Amino acid sequence: KYLCPKFINQTACISFRCGKEGGVVARDSGITITASQVIYPAVKFGDGDAAIVQGERTFEGVPVTITKPGLADTDRVGNSDTVYIGGGILITDIGDVSKFHPDELRLEKATGLKRLILGSTADGYTNAKLTSVNASPCKLLEEINIAGCTAVSDLDLSQNGLIKKVVATNTGCSVTLPNGGVLEELLLGNVAKLEILNQSKLKTFVCGYTNL
């Protein structure tokens, strides 16, 4: 009836490796999941015999936080741990995962995802491990944040016609937008190229220009 944690490998729609250099990546290991209907998504922390799977029933549009259990607050999620999030196309949001400094992001099955927060505008935040983001499978995506992800040089959103908000400050990332759409907010760093076509709903635009 609901997606069960034991099917995490079959239903995994999103995965990423924790990429911060050295030590504990995140003392708060919570993954906040929102789904489009009642399901039983699961999060797998790690691989092999050391992997821990935790599941939680969700309701339509109601966020639920799944946390890695049984560890002290000083040793939650370590460098190079991989996090797998199961729930198929029914997951619309995985919350703010910038605290994990995500690397090796996979979104191939995340076709229902509407919001993706990989970076942060907090002072001093940087993630040099994440080098690419392929958001093209996420046809329903409305918001993406890669702020501080300094190694991402290009972000192709040409297939994301529902995108409303893009945050890529503190990066040199060039963003490719769809021709036409519902974009309302575009916040960029110092980009080398930029083309905005037929985005009549754009209200907020910030862009560095030293590289243009």
So what J values fall out for segment 195-200 if you push phi through Karplus, 6.51 cos²θ - 1.76 cosθ + 1.60 with θ = phi - 60°, rounded to Hz, Gly and Pro as x? 9, 10, 10, 6, 9, 6
Taking a probe of 1.4 Å and leaving out DNA, RNA and ligands, segment 46-158 shows per residue an accessible area in Å² of 45 Å²
The alpha-carbon center of segment 83-137 and that of segment 149-207 are separated, in whole Å, by 17 Å
What figure in square angstrom, to the nearest 10, would you give for the accessible area of residue 65 with a 1.4 Å probe? 80 Å²
Portion, in percent, of the accessible area of segment 88-212 that falls on carbon or sulfur, probe 1.4 Å: 47 percent
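The values are calculated or read from the model by the stated rules, or taken from the named source; none is laboratory data. Computed from a predicted model, the values in this text were never measured in an experiment. Just so you know, the surface numbers come from the protein's heavy atoms only, side chains and all, with ligands and any DNA or RNA stripped out. Shrake-Rupley method; radii C 1.70, N 1.55, O 1.52, S 1.80 Å.
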